[in-house]
């Protein structure tokens, strides 16, 4: 049995925050942000929208496209770095209840921006083992809640959104063909929310607000990400699949300059990469499924197409999936 993609779906909050809007909040400009990142805008969750709300909306669209009732789901995986609650309950359990997926197990998976890649392989392994048939994989983030809006080096990068994919067991030559998962924990401090966890708990009156927000060593992360993209692509293609067989490479949408640098370093035509960061910014674990849903909506994906996803981010984690659509 293979884990075959039945459908994808996404949800983006209604509020659109442009670079020009940001320039009225902090000292920056549309020209500076776009030239450094390729971003023009990002979506921001409403005050009453949590990560589970975005996840449920994307999941419903994916399930409808798959024509699969929620009660037929065996497992729900939610990749997120911004859960509804700190530790428990899991965001996946909240999603399971909201969908009325009464026969499904549910759990969160934390691998930052590589989360959807890790969750896809986890789903594939469950399906190949024969223990489940239908898995809902979701990447959902409300990064606007952990961004320091006074820090122009980070707040311009991130946005909110969710994407979902339904995987089912089928006798097929398609589906998730292989995956590549890696971590470099020595770089954990390069992309981090410093306080609020068990290492440095929150203390009223002494914990600084900015230490509850994302902090990043941009140069270190950039260098890591460019290398990770090339290593992941090479590992997934191996010696038996030529680059020309790929219909698209779907990278984590962190910064278009990272993608451009990787394409140049590894001699890959930039047109092979699908990029939608201009409108949605970096949505962490949600960026790859949002991109897949956008591609599907635009009619860019055809049955039989060979896709390669590649993620990289906090941990530092990286990896990818090779998928026959």
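Observations on the model:
- Within the set 190, 222, the sole residue that is assigned by TED's automatic domain parsing to the domain that holds residue 318 and over 20 Å from residue 117 (Cα atoms) turns out to be 190.
Condition check ((1) surrounded by 16 or more Cβ atoms within 10 Å (Cβ to Cβ); (2) within 30 Å of residue 175 (Cα to Cα); (3) more than 17 Å from the chain's Cα centre (by Cα)) across all residues:
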| site | (1), (2), (3) |
| --- | --- |
| 16 | no, no, yes |
| 19 | yes, no, yes |
| 22 | yes, no, yes |
| 26 | no, no, yes |
| 35 | no, no, yes |
| 50 | yes, no, no |
| 58 | yes, yes, no |
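- Among the residues of segment 264-284, the ones that are within 20 Å of residue 15 (Cβ to Cβ) and assigned to a helix (DSSP H, G or I) come to 5 in all.
- Within the option set 223, 244, being part of a helix (DSSP H, G or I) and more than 20 Å from the chain's Cα centre (by Cα) holds for one residue only, 244.
- Which numbered condition residue 125 fails, given (1) within 23 Å of residue 232 (Cβ to Cβ); (2) surrounded by fewer than 17 Cβ atoms within 10 Å (Cβ to Cβ); (3) without any contact (Cβ under 8 Å) to a residue 40 or more places away in the chain; (4) touching a strand residue (DSSP E or B) at 6+ places or on another chain (Cβ under 8 Å): (4)
- Looking only at residues in segment 247-263 that are touching a residue at least 60 places away in the same chain (Cβ under 8 Å) and assigned to a loop (DSSP other than H, G, I, E, B), the one that is farthest from residue 156 (Cα to Cα) is 247.
- Residues that are part of a helix (DSSP H, G or I), in contact (Cβ under 8 Å) with a residue 24 or more places away in the chain and in contact with a helix residue (DSSP H, G or I) (Cβ under 6 Å, 6 or more places away or on another chain), drawn from segment 21-51: 33, 51
- Residue in segment 278-298 that is more than 19 Å from the chain's Cα centre (by Cα), surrounded by fewer than 16 Cβ atoms within 10 Å (Cβ to Cβ) and either closer than 30 Å to residue 87 by Cα or outside the structural domain of residue 10 (by TED's automatic domain parsing) (or both) present: yes
- The set of residues in segment 107-117 that are in contact with a strand residue (DSSP E or B) (Cβ under 6 Å, 6 or more places away or on another chain) and under 18 Å from residue 59 (Cα atoms) comprises 108, 109, 115, 116, 117.
- Single residue of 246, 301 found to be at negative phi, at pLDDT 95 or above, out of contact with any strand residue (DSSP E or B) (no Cβ under 7 Å at 6 or more places or on another chain) and buried (at least 18 other Cβ atoms within 10 Å of the Cβ): 301
The values are calculated or read from the model by the stated rules, or taken from the named source; none is laboratory data. None of the values given here were measured: they were computed from a predicted structure. So basically every Cβ, Gly included, is an ideal-geometry build from the backbone, and we count neighbours across all protein chains shown.
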